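The values are calculated or read from the model by the stated rules, or taken from the named source; none is laboratory data. Predicted, not measured: the structure shown is a model, and the values here were computed from it. Virtual Cβ from ideal backbone geometry, glycine too; neighbours counted across all protein chains shown. In case anyone asks, the SASA skips ligands and DNA or RNA and just uses the protein heavy atoms, side chains included. Shrake-Rupley method; radii C 1.70, N 1.55, O 1.52, S 1.80 Å.
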Amino acid sequence: MDSDILVSRTRTTTAKGATGHLTIDLAALGRNYRKLVSMLAPVRAGAVVKADAYGLGAERVAATLYGEGCRHFFVAQFVEAVRLRPTLAHDAQIFVLNGLQPGNEIAGAERGIVPVVNSLAQWRQWSATARMLKRCLPAVLQFDTGMSRLGFPREERAELAAALGDGSNVEILFIMSHLASADDMESDQNGEQLAEMSRIADEFPGLDMSFANSGGVFLGDAYHGVLARPGIALYGGAPNNGEANPMEPVVSLDVAVVQTRTVPAGTKVGYGGAHVTQREMRLATIAAGYADGLPRTLSDRGAVYVNGIRLPIVGRVSMDSVTVDVSALPEGTLTLGSLVEVLGPNQTLEDIAGDAGTISYEILTALGDRYDRQYR
Ligand SMILES: *Cc1c(COP(=O)(O)O)cnc(C)c1O
């Protein structure tokens, strides 16, 4: 309650020239990290900062988490690692989950970037690079335990084990796998993947293991290995569906009003005239659309909030704007430049994702760059 009051008091109510304010609460990010650290101890918590830290800004996010003691940072693509590497101290390691595309090995080795090796093809490239540079290069090995996306499939394990024995100049830092259904605590797939991972640990003895994503952290100690890889939970998303969200919100979004009008019953609103008003309606058009990360599937479904009052989206979401029904507000509440809440105390990431028929991850990573971004 207290924190809600704090949030509403510090919330700006006018746009001050911006189309919207995207606020990223780095202190809340730090508290979310500390919460995971305390749940995991003595297991370490890394951080997944791929896709620009789920849209929140990889550099700011990684610097904040480094300050909290995080030293293991996971990105998906090599280009993300190249951008992040110079911003972090040398004792921070950056892992590329997708591994390296042919041609990136030398640049990766020179920058001290650690690839996640997913296949025999990637293994051969990385160990050939190590031989050529006459250096020992670090790597992580990823195994497929049931997702069929990335990692050594079962059929490649024997050949990999033989290659590891041949003194390949590659130092394996740890092995890892990824859970496909950790967001569903009841899913049988969690236990199936854990069983497969322990078979792999037996086949590759003496190597540390990384397994849990955000959802996996909450599945219990058996899933923790020595290093967890949370992403969404750091950014305030719910780690497990259908459970209370234990994480603190990190992102809030307020969007500016561009124009208001009153229309009679029977008026078409938006593209395709898809919405026809059933009654007289006061409308406000706000300055964010699908190009700013409000999915088009929110057409005639989602809502925004002002003073805790729900204002439904009317008609289709446009590229740069959305029209909302503000009839529930006292007349004159909203004028040019007023702000409406899209993400905040009244609407969580999961709320808007649910209305849009998607997941919190997609909402975060789609947030556009036309907002005024403020880091707190
Ligand atoms: C994205 C990703 C994570 C983080 O997942 P969250 O559900 O956001 O915690 C961890 N590991 C791998 C391999 C990933 O691709």
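For the chain, give the share of DSSP beta bridges that are antiparallel, in percent and rounded to the nearest 5; count only bridges with both residues there. Of the beta bridges lying entirely in the chain, close to 55 percent run antiparallel.
Extension gain, H90-D351: 0.36 nm per intervening residue step, less the Cα-Cα distance, totals 90.0 nm. Anyone know which of R60, R149, R279 comes out most mobile in the 10 Å Cα GNM of the chain? Most flexible of the set in this elastic network: R279.
Label positions at S148 and T333, each projected 7 Å from the Cα along the C-beta direction, are separated by 5.0 nm. Given axes a ≥ b ≥ c from the Cα gyration tensor, I'd like to know whether region 223-300 is rounded (a/c under 1.5), prolate (a/b larger than b/c) or oblate. Judged from the Cα gyration tensor, region 223-300 comes out prolate (a/c at least 1.5, a/b above b/c).
With all pairs of separate Cα atoms included, region 67-123 yields a Kirkwood hydrodynamic radius of 11.5 Å. Each label was represented as a point 7 Å from its Cα along the Cα-to-Cβ direction; for R131 and R83 these points are 3.6 nm apart. Length available on full extension from A274 to R111: 0.36 nm per residue minus the Cα-Cα distance, which gives 53.4 nm. Calculated from the alpha-carbon coordinates, region 26-235 shows an Rg and a Dmax of 16.5, 48 Å respectively.
Would you kindly state how much longer the chain becomes between D166 and M185 on full extension, computed as 0.36 nm times their sequence separation minus their alpha carbon distance, in nm to one decimal? Each step should come with its number before you reach the end.
Details: separation 19, 0.36 × 19 = 6.84 nm, distance 4.05 nm.
Answer, rounded to one decimal: 2.8 nm.
Across region 112-215, Cα-Cα distances exceeding 16 Å account for 57% of all pairs. For region 98-196, the relative contact order is 26 percent, taking Cα pairs closer than 8 Å that sit 6 or more residues apart in sequence and dividing their mean separation by the residue count.
If I compute solvent accessible area with a 1.4 Å probe over the protein chains, what percent of it on the chain is carbon and sulfur? The partial results should precede the final answer.
Details: 8490 of 16860 Å².
So the carbon and sulfur contribution to the accessible surface is 50 percent.
With no solvent and one point per C-alpha, what does the Debye sum give as log10 I(q)/I(0) for the chain at q = 0.07, 0.11 Å⁻¹? Per q value, in the given order, log10 I(q)/I(0) is -0.38, -0.81.
How about K134: which lysines have a C-alpha closer than 30 Å to its C-alpha, ignoring those fewer than 8 places off in the same chain? Correct list for K134: empty, as no lysines qualify.
Can you pull out the GluC sites (Glu not before Pro) in region 301-376 whose DSSP state is coil and whose Cβ has at most 12 other Cβ atoms within 10 Å? The qualifying sites are E331. For G20, the amide hydrogen comes within under 5 Å of the amide hydrogens of A256, D372, counting only partners 5 or more places away or on other chains and with H modelled in the peptide plane. With a ≥ b ≥ c the root eigenvalues of the C-alpha gyration tensor of region 1-146, is it rounded (a/c under 1.5), prolate (a/b larger than b/c) or oblate? The shape class here is prolate.
Can you give the relative contact order of region 26-235 as a percent, counting alpha carbon pairs under 8 Å and 6+ residues apart? The partial results should precede the final answer.
Numbers: 376 pairs, mean separation 42.0, N = 210.
It comes to 20 percent, rounded to a whole number.
Using 1/(1 + (r/R0)^6) with R0 = 22 angstrom and r between the beta carbons of D372 and I309, what's the FRET efficiency to the nearest 0.05?
The calculated FRET efficiency here is 0.35.
Within the listed set Q122, Q189, Q278, the residue fluctuating most in the Gaussian network model of the chain (springs between alpha-carbon atoms under 10 angstrom) is Q278. Within the chain, which complete DSSP H helices have Cα atoms spanning at least 20 Å along the helix axis and a mean Kyte-Doolittle hydropathy of 0.0 or higher? Correct list, ordered by number: 26-40.
For region 181-220, the list of GluC sites (Glu not before Pro) that fall in a loop by DSSP and count at most 13 other C-beta atoms within 10 angstrom reads E186.
For region 26-235, the solvent-accessible area of protein heavy atoms averages 41 Å² per residue (probe radius 1.4 Å; ligands and nucleic acids excluded).
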